[in-house]
Amino acid sequence: MLLEERFRETLARGLKEFEELANKDAVSAEDAFTLATTYGFPIELTQELAEERGQAVDIDRFRLLMEDHREVSRAGGEKGEAQLVVRCAFADFGRLQKALEDRGITPISSESEFIPTAPTTLPEEHAQEVLKMVDKLEQDEDVQKVFHNLG
């Protein structure tokens, strides 16, 4: 079978699955993730088709799911054993850690990450000022991580 034929079949299966989401108000991150990982359906196509229907796509959560998927894939490939990536709100971290320990699961590592929930559009001049400040913070050896979503 030619690569082009396989691509068309994959696209057809993805479109069929996408059509089953037509009665929903939005395409959830989980649905978009399944379309991408199981059916090879590009997220850009999901966004475009959903937009035509007036459906939103939870792209921020989709990106988190994809990052988790990549982390697990990398870890499994490098170490040869399955890895679990768990995310929670900072306030819930202590309870999560205790729950893992109660089940005999030893975390390999943990870190905090800020995920913006209310993005703001900045004028170009302000964005440049913020990027300069981010650069200064990243160069400061006392600062461990700087989170931002500017280009």
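The values are calculated or read from the model by the stated rules, or taken from the named source; none is laboratory data. The structure presented is a predicted model; accordingly, all values stated were derived computationally and were not measured. Neighbour counts are summed over all protein chains in view; Cβ atoms, including those assigned to glycine, are modelled from backbone coordinates with ideal geometry.
From the list 129, 125, which one is more than 22 Å from residue 68 (Cα to Cα), loosely packed, with under 11 Cβ neighbours inside 10 Å and over 26 Å from the mean Cα position of the chain (by Cα)?
Working: 129 fails: loosely packed, with under 11 Cβ neighbours inside 10 Å.
That would be 125, the only listed residue that is more than 22 Å from residue 68 (Cα to Cα), loosely packed, with under 11 Cβ neighbours inside 10 Å and over 26 Å from the mean Cα position of the chain (by Cα).
Looking at region 95-109, which of the residues that are loosely packed, with under 10 Cβ neighbours inside 10 Å and of a type outside the set (Ser, Thr, Tyr) is nearest to the chain's Cα centre (by Cα)?
In the first step, residues of region 95-109 are kept if they are loosely packed, with under 10 Cβ neighbours inside 10 Å; the result is 102-104, 106, 108-109.
Going one step further and asking which of them are of a type outside the set (Ser, Thr, Tyr), we end up with 102-104, 108.
Numbers: 102: 28, 103: 27, 104: 28, 108: 21 Å.
Top of the filtered list is 108.
For region 18-36, which residues satisfy the criterion of being surrounded by fewer than 18 Cβ atoms within 10 Å (Cβ to Cβ) and over 15 Å from residue 60 (Cβ atoms)?
Correct list: 19, 20, 22, 23, 24, 25, 34.
Is it fair to say residue 75 is at pLDDT 80 or above, part of a helix (DSSP H, G or I) and of a type outside the set (Phe, Trp, Tyr)? Spell out how you get there, then give the answer.
Details: at pLDDT 80 or above: no; part of a helix (DSSP H, G or I): yes; of a type outside the set (Phe, Trp, Tyr): yes.
The answer is no for residue 75.
Could you grab me the full set of residues in region 23-59 that are modelled with pLDDT under 90 and over 15 Å from residue 11 (Cα atoms)?
If the condition is that a residue be modelled with pLDDT under 90 and over 15 Å from residue 11 (Cα atoms), then 23 is the only one that fits.
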